[in-house]
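Single-structure report; data block below.
The values are calculated or read from the model by the stated rules, or taken from the named source; none is laboratory data. Not measured: the values here are computed from a predicted model. Here Cβ is always computed from backbone atoms with ideal geometry, including for glycine, and neighbour counts include all displayed protein chains. All accessible areas refer to the heavy atoms of the entire protein, side chains included, with ligands and DNA or RNA removed. Shrake-Rupley method; radii C 1.70, N 1.55, O 1.52, S 1.80 Å.
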Amino acid sequence: MVKFSELNLSETTLKSVRRMGFEEATPIQEGTIRLGMEGKDIIGQAQTGTGKTTAFGIPLIEKIDTKDGNVQGLIIAPTPRIGNPGL
């Protein structure tokens, strides 16, 4: 497995990742972070618990310009239909 420190992330992001106890990226994280950092659009699928949220979130956070007040990212996530299957 690849370490997060090998993914060319900012020191701020690396510090946060370490604080959460993560050192090595899962396969979905490695591939997705690398592509996201290149500015590519990504569609990924992996089992629950493999770190998809981190995989999609890190490149987005890395690309945000905190001095720019405009919308810079959009996350679209499906939600399960709960309660009313007719929706």
Practice problem: Provide the per residue accessible area, probe 1.4 Å, for the chain, rounded to a whole number of square angstrom. | Solution: 79
Quiz prompt | Relative packing of 22-30, 36-44, which averages over residues the other C-beta atoms within 10 Å, highest first | solution = 22-30, 36-44
Quiz item: With springs only between Cα atoms under 10 Å, which of I61, I75, I33 fluctuates most in a Gaussian network model of the chain?
Solution: I75
Quiz item: Of all accessible surface on the chain at a 1.4 Å probe, what whole percent is carbon and sulfur?
Solution: 54
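Using Cα pairs closer than 8 Å and at least 6 residues apart in sequence, work out the relative contact order for the chain, in percent. Write out the running numbers ahead of the final one.
On the way: 67 pairs, mean separation 20.9, N = 87.
Taking the mean separation of contacting Cα pairs over the length of the chain, I get 24 percent.
Of all the Cα-Cα pairs you can form in the chain, what percent are over 23 Å apart? List each step's numbers first, then the result.
Working: 1131 of 3741 pairs.
Within the chain, distances greater than 23 Å cover 30 percent of Cα pairs.
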Quiz item: Computed on alpha carbon atoms, what radius of gyration and Dmax characterise segment 25-76, expressed in Å?
Solution: 11.5, 36
Quiz item: Applying 1/(1 + (r/R0)^6) with R0 = 25 Å to the Cβ-Cβ distance of K15 and Q47, what FRET efficiency is obtained, to the nearest 0.05?
Solution: 0.35
Practice problem: Would you list, by chain and number, the lysines whose Cα falls below 22 Å from the Cα of K3, excluding same-chain residues fewer than 8 positions away? | Solution: K15, K40, K52, K63
Exercise. Name the residue, out of L60, L35, L74, whose mean-square fluctuation peaks in a Gaussian network model built on the chain with Cα pairs under 10 Å.
Key: L74
Practice problem: Hey, can you grab everything whose amide H is under 5 Å from the amide H of K3? Only 5+ residues off in sequence or another chain; H modelled, so Pro and N-termini drop out. | Solution: A25
Self-check item: Acute angle (nearest 10 degrees) that the helix 27-37 long axis makes with the longest principal axis of the chain, alpha-carbon atoms
Solution: 70
